Amino acid sequence: MSQSNDTVSKILIVAVTLSIVFSVIVSGAAVTLRPAQERNEALSTRSNMLAAAGIIEADASNDKVAETFERFEVLLVEMGTGETVSPETVKAESAESYDQRRAARDPDISRGLQDDPAGINRQATYRKAFVLKDNGSVERVVLPIHGYGLWSTMYGFLALEGDGNTVAGLRFYEHGETPGLGAKIQSPDWVAKWKGKEIYEPGNWQNPNFRLIKGGVGENTEGREHKVDALSGATLTSRGVESTINFWLGERGYAPFLARVRNGEI
């Protein structure tokens, strides 16, 4: 009997020892690999942002991405006011390293939304904006956006011309929408339809009225400059995209900041 107990004790000791050893190895690997993961995440963000802006292709080399990104200024914008703040305000090392998703979970720098058309639950008080200038004038503004579709939160970038109104490009880079239907938010053919569209109607710069139209936008569609074809067979995804655009470019989002862009204050 004692021999049996001895064997059980030894097995337990070996099992516990191995568990500790493997935990240390896994933890060490996670710590070691974290810098590389952060670099890859930053590179992916830069690549998708630049692709949305129409500056480079999404599959451009790392060197090309890094070189082109240097032309942009990364700003931290207070939602609802349009004021820019320093990285120190949000306790970040730099504007680029500021983690918007984490900030949305921090009650000190985010707010819960009762009226939540984009389905995001909480909104970070401060958000990034990527600005490209030419001879001191804003040439391009790229804004990170996200909102809920049918199955998932859709993350993307919307690029505007220097007028803070005309769409230069759109890119959704992360989502879980239905393949062949809602997933067409990544289709180059559909995204191409956005270029040249206008988010705001003149004189109504705080409340965008952008629409995705079921059945498509025709030559005689009234207000066609503010409308894009809805995705066929993906009504809820289309509705989610529409709500996402109108929320983030509305008065609680980037509208005050874009007003400053138009006024030459940025």
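The values are calculated or read from the model by the stated rules, or taken from the named source; none is laboratory data. The shown structure was predicted, so the numbers you read here are calculated from the model rather than taken from an experiment. With ideal geometry, Cβ positions are generated from the backbone for all residues, glycine too; neighbour counts draw on all protein chains shown. These accessible areas exclude ligands, DNA and RNA; they are computed on the full protein's heavy atoms, side chains included. Shrake-Rupley method; radii C 1.70, N 1.55, O 1.52, S 1.80 Å.
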* Would you mind checking the pairs Lys184/Lys214; Lys133/Lys227; Lys91/Lys133; Lys128/Lys214; Lys64/Lys184 and listing those with alpha carbons more than 24 angstrom apart? => Lys133/Lys227; Lys91/Lys133; Lys128/Lys214; Lys64/Lys184
* Asked: Which residues' amide hydrogens lie under 5 Å from the amide hydrogen of Ser110, considering only partners 5 or more residues apart or on another chain, with H built in the peptide plane?
  -> Thr125
* Kindly work out what percent of the DSSP beta bridges joining two residues of the chain are antiparallel, to the nearest 5. => 90 percent
* Can you pull the accessible area of Thr68 for me, 1.4 Å probe, Å² to the nearest 10? -> 10 Å²
* Calculated from backbone phi, Karplus (6.51, -1.76, 1.60) coupling profile of the range 190-201 in Hz, x at Gly/Pro -> 6, 4, 4, 5, 7, 4, x, 6, 10, 7, 10, 8
* Asked: For Leu113 and Arg224 in one chain, what is 0.36 nm times their gap in residues minus the Cα-Cα distance, to one decimal in nm?
  -> 36.9 nm
* To do: Quote the convex hull volume per residue of the range 181-226, based on C-alpha atoms, as a whole number of Å³.
  => 101 Å³
* Taking H placed 1.01 Å from N in the peptide plane, check which residues at least 5 places from Ala230 or on another chain put their amide H under 5 Å from its amide H. => Ile213, Lys214, Gly215, Gly216
* Structure fact -> FRET efficiency for Glu265 and Asn204 from the Cβ-Cβ distance with R0 = 30 Å, rounded to 0.05, comes out at 0.90
* Asked: Any idea what the alpha-carbon Rg over 2.2 N^0.38 Å comes to for the chain?
  -> 1.26
* With label points built 7 Å along Cα→Cβ from the Cα atoms of Val85 and Ala192, find their separation and express it in nm. => 4.2 nm
* Asked: How big is the Kirkwood radius of the range 113-167, worked out from every pair of different alpha carbons and given in Å to one decimal?
  -> 12.9 Å
* Rel. contact order, % - alpha carbon contacts under 8 angstrom, at least six apart, the chain -> 16 percent
